[in-house]
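Asker: Below is a structure I'd like to ask you about.
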Amino acid sequence: MTPQPNALELEDLVMHFGPVRAVDGVSLAIPKGRVTALVGESGSGKSTVGRCVVRLVEPTAGVVRIGGTDVTHLSRRQLRRHRSEVSIVFQDPAGSLDPRMLVGDVVAEPLRLSGERISRRDREARVATELGRVGLRAEVARRYPHELSGGQRQRVSIARALISEPTLLIADEPTSALDVSVQASVLNLLADLQRDIGFACLFITHDLSAVEYLADEIAVMYLGQLVETGSREQIFTRPAHPYTQALLAAAPVADPVRQRQRQPVLLGDDLPSALDPPSGCRFRTRCPLAFDRCATEVPAQVEVGGGKAACHLVQPDGTRPDVRTADNSEVLS
Amino acid sequence: MTTVESPGAASSVLGAPVLEIRDLSVSFTTEGGTVSAVDRVSLDLAPGEIVGMVGESGCGKSVTAMSIAGLLPSSARISGSVRLRGTELVGTRESVLRRVRGKEIAYIFQEPMTSLNPVLTVGRQIGEVLQVHERMSRPAARARAVELLSLVGIPSASKRVDNYPHQLSGGMRQRVMIAMAVACGPKVLVADEPTTALDVTVQAGILQVLRDLRDRLGTTILIITHDLGVIADVADRVVVMYAGRVVERAQVTDLFAHPLHRYTAGLLSASPTPGKHAGTARLQEIPGLVPVLSSQPDACTFADRCPAADSQCRESAPPLEVVGTGGALAAKDHLAACWHPCPAPRTQPQETDL
């Protein structure tokens, strides 16, 4: 029996915009029906990875495989057949929905683009089904996007993304522009749909706390590269890379007693430029634990606790650094 | 209806309030009609206190903050009172307000890039505040600017003082904004979503700077945010706003340990917190949206989204007062505007001690 192909495979993906090395060698695999969260701060290149997968931008090098097929070198026409396999939902639904199109037409557009012949009645029925699935009434189809709230618009984006029955959904910060209570309902919706339909998902976000509900695996990105990957449990309970540890320590928890007992980990403010990334480990300029070797030698991905981390202080036997033990005083000045 | 204002709204240990807001109401006339943004908000800020104001978009947090030092456009109709150490600010002449702003009350906003002048070095921009308000000479202002930059944690401040805003990262720019805001030693700093546009690792540093300012200079800080994690991190007291009204007010630990208003409780359980719901559990949702009100009804404006609402909630507005929750009375400075406050959580070790 041959193993099932992964829903998504990235092999050494590179995306340079002129001199800007936005994505610099990212390898990642998402099995069918699984959710991987790609977490990083602004400028880490996480959105660019998503854009490469749907080929909104053409990768500089590397391979993108969707369902086992290399889509990196497909022509536009060949790509069209694969378009229905993968969909994307963006952060800002106001900007990603055409304001002049009725919601029904927005949702039906992937069907039109697929070239599939479908009667008007069937199309309307499918739009109604899809709207129902995301918790909207069928008559929303006859409204314009501006008549809807932010949360409703994001539901429309999700309906549009799912109407072609993709095997892979790229969700690029789908809840970041929404208020807390609305964010909760959209996260719940995505989790329900994912469980019911079983599509694989690359969930791109800057917010680690938002992925705890959804993600099976978490990949942490810093300045164009993955610094750590692992199961959700592994990343939340035993993060190996100093950057992952710092991210978890920096996100405040909504509990004043716990929050004030936590030891702050302060990194310097400056994310180095992707024009001229630091030598060796890219995180070393902000890492409180950096030492000589970090500047000269690029750390390899080391297997640790079922995941992988790229840090000289991580050993295959499970030895991992603890960023909280570092002396932060000079960062605070 | 009545709004019960407890004396000792600001912790009496800290002395007379620096800022007293009483029955502040703000409405706007727009093309679509009147919009009531803030409804009879009362709040005291004690010296050296950090008060967090939390709520979702459209709850009136920012409008409240802007109205304190008269930053609202002329289309705003403002009533009520804002007193800065006894001096009334509502309806005061612009020339007086101009002296108050910067010197007595300073602001920082969410987006530091649009608040900084791109063609002036940060040293010139900070220096300008000092030259205007403190009548300092240019060299003296520059020297003070360097000191301020190191106060807010900018490394090699003597070099950074000659940088232009675009040469700095987002976190550095926000630090510059804070340096500029505290240049004249204001009594009150209003920080409106100061870390919302920043990454979490940078946010932690900015919150640390705010705490430092309070500890070192005794600055009173009103921090406005939608993020309960930020509140949990820095605030001493919390004010929860909903649809223009204060719906709950408490010491930070009391609020999180036992939210009384259903909106507060909803916000708390809708916020993802690492380790809190691990894996299978769902986030709690608050159905519906924050209403846009043309006038303030004599009813609880959260009733339509509230699981506990009944006819009383729809017929009369609950006053902001100390409420009992079936036996246990909340702390005396824990107020809520709710007819049916949340029952006390079962596990409260401190309160089982009879």
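Asker: Excluding residues fewer than 8 places away in the same chain, name every one of the aspartates and glutamates whose C-alpha is closer than 13 Å to that of B:K159.
Answerer: Those aspartates and glutamates meeting the cut-off are B:E147.
Asker: A further question follows. What residue among B:G127, B:G33, B:G229 shows peak mean-square fluctuation when chain B is described by a Gaussian network model with Cα springs under 10 Å?
Answerer: Looking only at B:G127, B:G33, B:G229, the largest GNM fluctuation is found for B:G33.
Asker: Here is a further query. Would you list the P(r) distribution for the protein assembly as shown, with all Cα-Cα distances sorted into 10 Å bins from 0 and each bin expressed as a whole %?
Answerer: P(r) over the protein assembly as shown, rounded to whole percents: 3, 14, 23, 25, 20, 12, 3, 0, 0.
Asker: Still on this structure: What's the longest bit of chain B with no exposed trypsin sites (Lys or Arg not before Pro), using DSSP loop states and at most 14 other Cβ atoms within 10 Å as the test?
Answerer: Result, exposed sites excluded: B:136-281.
Asker: Report the residue, chosen from B:T34, B:T220, B:T196, that carries the largest GNM mean-square fluctuation when chain B is represented by alpha-carbon nodes joined by springs under 10 Å.
Answerer: Judging by the Gaussian network model, the answer is B:T34.
Asker: Which log10 I(q)/I(0) values does the stretch A:241-309 give at q = 0.17 Å⁻¹ under the Debye formula, counting every alpha carbon as one identical point scatterer?
Answerer: -0.76
Asker: Give the span of chain A's Cα atoms along each principal axis, as three whole-Å numbers ordered largest to smallest.
Answerer: 67, 48, 43
Asker: Additional query: On a straight-distance basis, which lysines could pair with B:K187 in a cross-link, Cα separation under 22 angstrom, same-chain partners fewer than 8 positions away excluded?
Answerer: B:K61, B:K103
Asker: Running a GNM on chain B with Cα contacts under 10 Å, which residue among B:G185, B:G32, B:G205 ends up with the highest mean-square fluctuation?
Answerer: B:G32
Asker: Would you give the gap between the C-alpha center of the stretch A:120-179 and the C-alpha center of the stretch A:204-226, rounded to a whole Å?
Answerer: Result: 24 Å between the Cα centres.
Asker: For the stretch A:214-273, what class follows from the C-alpha gyration tensor (a ≥ b ≥ c being the square roots of its eigenvalues): rounded when a/c is under 1.5, otherwise prolate if a/b is larger than b/c, else oblate?
Answerer: Working: a/c = 2.35, a/b = 1.18, b/c = 1.99.
It comes out oblate by the Cα gyration axes.
Asker: Check cross-link reach from A:K46 to the lysines: straight Cα distance under 28 Å, and skip same-chain residues fewer than eight apart.
Answerer: A:K32, A:K308, B:K276
Asker: Right, another one. Please give the residues of the stretch B:138-178, grouped as numeric ranges, whose backbone N is less than 12 Å from a label point set 7 Å along the Cα-to-Cβ vector of A:L275.
Answerer: B:167-168
Asker: How big is the stretch A:90-188 along each principal axis, measuring the range of its Cα positions in Å and listing the largest first?
Answerer: Principal axes ranked by extent give 40, 29, 21 Å for the Cα atoms.
Asker: Same structure, new question: Starting from the exponent 0.38 and prefactor 2.2 Å, build the expected Rg for chain B from its residue count and divide its actual Cα Rg by it. Numbers along the way, then the final one.
Answerer: Working: Rg = 21.1 Å, N = 354, 2.2 N^0.38 = 20.5 Å.
Rg over 2.2 N^0.38 Å, computed on Cα atoms: 1.03.
Asker: Could you tell me what percent of the DSSP beta bridges with both partners in chain A are antiparallel, to the nearest 5? Let's see the in-between values first.
Answerer: On the way: 27 of 45 bridges.
DSSP beta bridges in chain A are roughly 60 percent antiparallel.
Every read-out reported here was derived from the displayed coordinates using simple, explicitly stated rules and does not represent laboratory data. None of the values given here were measured: they were computed from a predicted structure. So basically every Cβ, Gly included, is an ideal-geometry build from the backbone, and we count neighbours across all protein chains shown.
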